[in-house]
Ligand code: HEM
């Protein structure tokens, strides 16, 4: 089949995909500052999409279109900044907010070494309704509440774990505003399995101000931040085995994340009405990190929670106890 001719000598299977090469050039240069592993952009894919229930909503750009409503929801506190940063790009290229949010998220993830190359489908309408409040999970929600919320949106308990691989390239700013940039694992710039290992370690202290904020529990490493929700899902019998299965299996983690993200990105959309423009998403750099116990930790610090399978044996990093700098 004849391919559509796009800018700068590139081509695509569909004409409708050419515009995304131009958006790609623009955001890599001007949104990701030449290709950084952009975290807020892919957090936004979640906050837009999970505003879905069988009544409607989903990955429809409503968080940007109905900014005045949705950013007032407690769980969306602070995402206003990235929405404001992104909106002019969507308007400039005349693409829908829903498409733009998912595209920027997929490109942001592609800038993280070790990540899978995510699917990107284009063609979401720019018409949306504001989502109702209380659909975005909070870090202080119980495992029951989180699992029920995701089930309402069509996700299994295992798929929550698959999506949470995103927390391997993530940090907090708003749970403890005095300690912004404290990451959820020791390698926040790399899409590796350390998040799934480190969340299972015994918590020893609150980094930063030494006391708990709402939705925070003790973390195992200086400078690392632990969300209560990650702590609980790592140990809950409904999610613990999927969690542990990623500890030393980068390929499984990446493949399951890709599949769950593909599902999340079209919540509330009809897949058959969208055009597959995944070929525009860059291929992420591979990594060959060996999953390790952070220096200073041993197997006895692991709170193994999957009753079906023993915790895999890992090498321990040597040297002084690992401490994590903010991102
Ligand atoms: C159980 C469900 C989830 C809960 C309770 C949760 C909660 C949180 C919280 C509280 C933060 C810190 C925000 C801040 O203080 O700035 C955060 C960060 C983040 N989350 Fe989640 N999250 C969940 C699932 C997800 C999913 C499914 C994704 C994406 C697929 C995601 C992507 C991210 C990213 C990328 C960040 C880092 C943002 C940044 O560095 O600015 N999260 N999450």
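Conditions tested, residue by residue: (1) in contact with a helix residue (DSSP H, G or I) (Cβ under 6 Å, 6 or more places away or on another chain); (2) within 16 Å of the ligand (Cβ to nearest atom); (3) under 26 Å from residue 77 (Cβ atoms); (4) part of a loop (DSSP other than H, G, I, E, B).
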{"position": "19", "(1), (2), (3), (4)": "no, no, no, no"}
{"position": "26", "(1), (2), (3), (4)": "no, no, no, no"}
{"position": "32", "(1), (2), (3), (4)": "no, yes, yes, yes"}
{"position": "37", "(1), (2), (3), (4)": "yes, yes, yes, yes"}
{"position": "43", "(1), (2), (3), (4)": "no, yes, yes, no"}
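Quick check on my filter: what residues within region 221-246 are buried (at least 23 other Cβ atoms within 10 Å of the Cβ) and away from the ligand (no atom under 16 Å from the Cβ)?
Within region 221-246, 221, 244 meet the criteria.
Restricting the search to region 28-51, which residues are more than 23 Å from residue 182 (Cβ to Cβ) and surrounded by 22 or more Cβ atoms within 10 Å (Cβ to Cβ)?
Once the filter is applied, which keeps residues that are more than 23 Å from residue 182 (Cβ to Cβ) and surrounded by 22 or more Cβ atoms within 10 Å (Cβ to Cβ), region 28-51 yields 48, 49, 50, 51.
Would you mention how many residues in region 202-259 are part of a loop (DSSP other than H, G, I, E, B) and touching a residue at least 12 places away in the same chain (Cβ under 8 Å)? First the steps, then the outcome.
Quick first cut of region 202-259, residues part of a loop (DSSP other than H, G, I, E, B) only: 202-204, 206-215, 218, 220-221, 223-225, 236-239, 246-249.
Still in the list and also touching a residue at least 12 places away in the same chain (Cβ under 8 Å): 202-204, 206-209, 213-215, 218, 220-221, 223-225, 236-239, 246-249.
So the count comes out to 24.
With the checklist (1) out of contact with any strand residue (DSSP E or B) (no Cβ under 7 Å at 6 or more places or on another chain); (2) assigned to a loop (DSSP other than H, G, I, E, B); (3) more than 12 Å from the ligand (Cβ to nearest atom) in hand, flag the one item residue 191 doesn't pass.
(3)
Failed condition for residue 151, given (1) without any contact (Cβ under 8 Å) to a residue 24 or more places away in the chain; (2) part of a loop (DSSP other than H, G, I, E, B), with all others met?
(2)
Specify the residue that is farthest from the chain's Cα centre (by Cα); the eligible residues are those in region 79-95 that are part of a loop (DSSP other than H, G, I, E, B) and buried (at least 21 other Cβ atoms within 10 Å of the Cβ). Walk me through it before giving the result.
Restricting attention to region 79-95, the residues satisfying the condition of being part of a loop (DSSP other than H, G, I, E, B) are 79, 94-95.
Now narrow it down to the ones that are buried (at least 21 other Cβ atoms within 10 Å of the Cβ): 79, 95.
On the way: 79: 14, 95: 22 Å.
Across region 79-95, the extreme among qualifying residues is 95.
Name the residue that is nearest to the ligand (Cβ to nearest atom), counting only residues in region 209-220 that are surrounded by 22 or more Cβ atoms within 10 Å (Cβ to Cβ) and closer than 21 Å to residue 297 by Cα. Before the answer, list the steps.
First, pick out the residues of region 209-220 that are surrounded by 22 or more Cβ atoms within 10 Å (Cβ to Cβ): 216, 219-220.
Retained after the next criterion (residues that are closer than 21 Å to residue 297 by Cα): 219-220.
On the way: 219: 13, 220: 18 Å.
Residue satisfying both the conditions and the ranking: 219.
Just to be sure I understand the filter: pairs with C-beta atoms under 9 Å, separated by 6 or more residues or on different chains, first member in region 298-327 and more than 20 Å from residue 188 (Cα to Cα), second member loosely packed, with under 11 Cβ neighbours inside 10 Å. Which pairs pass?
299/313; 304/310
Going through 12, 104, 16, 49 one at a time, which residue ends up being modelled with pLDDT of 95 or more and under 29 Å from residue 148 (Cβ atoms)? First the steps, then the outcome.
Numbers: 12 fails: under 29 Å from residue 148 (Cβ atoms); 104 fails: under 29 Å from residue 148 (Cβ atoms); 16 fails: under 29 Å from residue 148 (Cβ atoms).
Selected residue: 49, the only one of 12, 104, 16, 49 that is modelled with pLDDT of 95 or more and under 29 Å from residue 148 (Cβ atoms).
For region 110-133: of the residues being under 29 Å from residue 218 (Cβ atoms) and within 13 Å of the ligand (Cβ to nearest atom), which is surrounded by the fewest Cβ atoms within 10 Å (Cβ to Cβ)?
112
Working only within region 65-74, note down all residues that are within 16 Å of the ligand (Cβ to nearest atom) and surrounded by fewer than 18 Cβ atoms within 10 Å (Cβ to Cβ).
Of the residues in region 65-74, the ones within 16 Å of the ligand (Cβ to nearest atom) are 70-71, 73-74.
If the condition is that a residue be within 16 Å of the ligand (Cβ to nearest atom) and surrounded by fewer than 18 Cβ atoms within 10 Å (Cβ to Cβ), then 74 is the only one that fits.
In region 60-78, what residues are assigned to a helix (DSSP H, G or I) and either free of Cβ contacts under 8 Å to residues at least 24 places away in the same chain or outside the structural domain of residue 102 (by TED's automatic domain parsing) (or both)? Write out each step before concluding.
Pass one, region 60-78, residues assigned to a helix (DSSP H, G or I): 62-65, 67-70, 74-76.
67, 68, listed by residue number.
Across region 158-187, what is the number of residues that are assigned to a helix (DSSP H, G or I), in contact with a helix residue (DSSP H, G or I) (Cβ under 8 Å, 6 or more places away or on another chain) and more than 11 Å from the ligand (Cβ to nearest atom)? Outline the logic, then answer.
First, pick out the residues of region 158-187 that are assigned to a helix (DSSP H, G or I): 158-169, 177-179.
In the following step, the residues that additionally are in contact with a helix residue (DSSP H, G or I) (Cβ under 8 Å, 6 or more places away or on another chain) were identified as 158-169.
Pick out the ones that are also more than 11 Å from the ligand (Cβ to nearest atom) and you get 158.
Qualifying residue count for the region: 1.
The values are calculated or read from the model by the stated rules, or taken from the named source; none is laboratory data. Everything quoted here is computed from the prediction, not taken from an experiment. When we count neighbours, we look across all protein chains shown, and the Cβ atoms used for this are built from the backbone with ideal geometry, even at glycine.
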